[in-house]
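See below for the structure under consideration.
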Amino acid sequence: MPSIAPPQIPAAGQAAAPAAASGPSAGELRCPPLSLYVHLPWCVRKCPYCDFNSHEQRGALPFAGYVQALVADLEHDLPLAWGRTVHSVFFGGGTPSLFPADAIDDFLQQASARLRFAPGCEITLETNPGTAEHGRFEGYLAAGVNRLSFGIQSFDDGCLQRLGRIHDSREANAAVKLAQDAGFDNINIDLMYALPGQDLAGAARDLERAFALQPAHVSHYQLTLEPNTLFAARPPDAIPDEDAAWDMQEHCQAMLATAGFDHYEVSAYARPGRQCAHNLNYWRFGDYLGIGAGAHGKISLGATQAVRRRWKLKHPTAWMSAAGTADALGGDEDVPASRLPFEYMLNALRLHEGFALADFEARTGLPRSTIQRELDEAVARGWLASDGDGDGDGERMVPTTLGRRLGNDVVSLFLP
């Protein structure tokens, strides 16, 4: 989604200590960790399966002008986050690696002059292997980027062609190695399965090729035909059926476990201590400023006890011309209390760790009694289990194996 997932304080990678479940502030909305999402909307070519806000590059891109617009957009949103510390930054797209390192450096310098960045702040840049250039990764590292996410999708050249990707398997291998040679050791590899023309052996080979590159993190998810994409309008031939896709999922999950990757979220696997801090903040219903064309943000406002969602105009030209003013907003609203349980569960139940009831209260401002009936039903159906005192943060609700398989059904219990 835009895209895509709290960091430890002061270092990234672990959750902030949750609030106590009792006391005078129980059930009161409290500000969670804050992240910054930066959308860079252009790509060389729009992939036929992509439903993100991405736009094909046509001629020279206005790098300097876009960075200026990002800073103006950030300044317009700053009143939502005065005095708060940023614990992670994520450059998503589009293809952020189309931007040269000096543009990324310029933005990060200006952003850190306006926001306090935590020590060890995780800063991720999404990268397309087809845009990797010698020397660029050194520049990103010098600018402050400390995590790269490579959109490889497959190491099979036939699958890559059918997906409309601009790179081949040789370029994918070379790009990751260039980044490692530059000094990056926190690297994610994005892979998809159930691709047109792919069988179980092919899905397994993709993982084996990924393991050989020794990434810290793997995102592994099934190809889906999203509405308003070329694939949805004209589905490709030879897409594996549901049974074949399930076989691939189970087999690949076992491979990832054997290789030492912890399956901590629906489609995310990490080496110990290498979970994506930014995405964890999303899934734990943390806060984030969203700047750039089509970016979405979510902020907890303690003064009004409201959760605010704000999003920006999608088209880069329209957004750039209005950046820094209210005219750049595509929408701005407080989430109704009736919808907060569903929005919280839509994120938190993606995590194998589940959630603490104290965290639900702190991040929605609602008492746990609001969701007790739905929790009881989920437990009765065998979808959720209570973890008692958990790890010291009070009672936790944890998805069971069945609950993880039926995730959409579990979340739907909390629809308003």
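General remarks:
- Selection count, the stretch 336-348, where residues are within 14 Å of Leu29 (Cα to Cα) and buried (at least 16 other Cβ atoms within 10 Å of the Cβ): 3
- Check on Asp73, at negative phi, buried (at least 16 other Cβ atoms within 10 Å of the Cβ) and among the charged types (D, E, K, R): yes
- Scope the stretch 351-385; condition of a type in the set (S, T, N, Q) and within 27 Å of the chain's Cα centre (by Cα); matching residues: Thr364
- Of all residues in the stretch 51-78, those being touching a helix residue (DSSP H, G or I) at 6+ places or on another chain (Cβ under 6 Å) and among the charged types (D, E, K, R) number 0.
- All conditions but one from (1) closer than 28 Å to Cys121 by Cα; (2) surrounded by fewer than 24 Cβ atoms within 10 Å (Cβ to Cβ) apply to Val307; the one that does not is (2).
- Close pairs (6 angstrom Cβ cut-off, 6 or more residues apart or separate chains): at pLDDT 95 or above in the stretch 306-330, polar (S, T, N, Q) anywhere: Val307/Ser300; Lys314/Asn53
- Qualifying positions in the stretch 201-217 - surrounded by 17 or more Cβ atoms within 10 Å (Cβ to Cβ) and over 24 Å from the mean Cα position of the chain (by Cα): Gly202
- Ser97 meets all of the listed conditions (1) under 20 Å from the mean Cα position of the chain (by Cα); (2) over 29 Å from Cys252 (Cα atoms); (3) not in a strand (DSSP E or B) but one, namely (2).
- Complete set of residues in the stretch 363-416 that are β-branched (Val, Ile, Thr) and in a helix (DSSP H, G or I): Thr364, Thr370, Ile371, Val379, Thr401, Val410, Val411
- Test result for Phe231, within 22 Å of Ala179 (Cβ to Cβ), out of contact with any strand residue (DSSP E or B) (no Cβ under 8 Å at 6 or more places or on another chain) and in the same structural domain as Asn173 (by TED's automatic domain parsing): no
- Evaluation of Ile187 against (1) within 13 Å of Ala259 (Cβ to Cβ); (2) touching a Pro at 6+ places or on another chain (Cβ under 7 Å) (one fails), failing number: (1)
- Qualifying residue in the stretch 119-137 (condition: part of a strand (DSSP E or B), farther than 29 Å from His76 by Cβ and not acidic (Asp, Glu)): no
- The residue that is nearest to the chain's Cα centre (by Cα), among those in the stretch 270-311 that are farther than 22 Å from Leu40 by Cα and part of a strand (DSSP E or B), is Ala270.
The values are calculated or read from the model by the stated rules, or taken from the named source; none is laboratory data. As the structure is a prediction and not an experimental result, all values here were calculated from the model. Neighbour counts run over all protein chains shown; Cβ positions are idealised from the backbone, glycine included.
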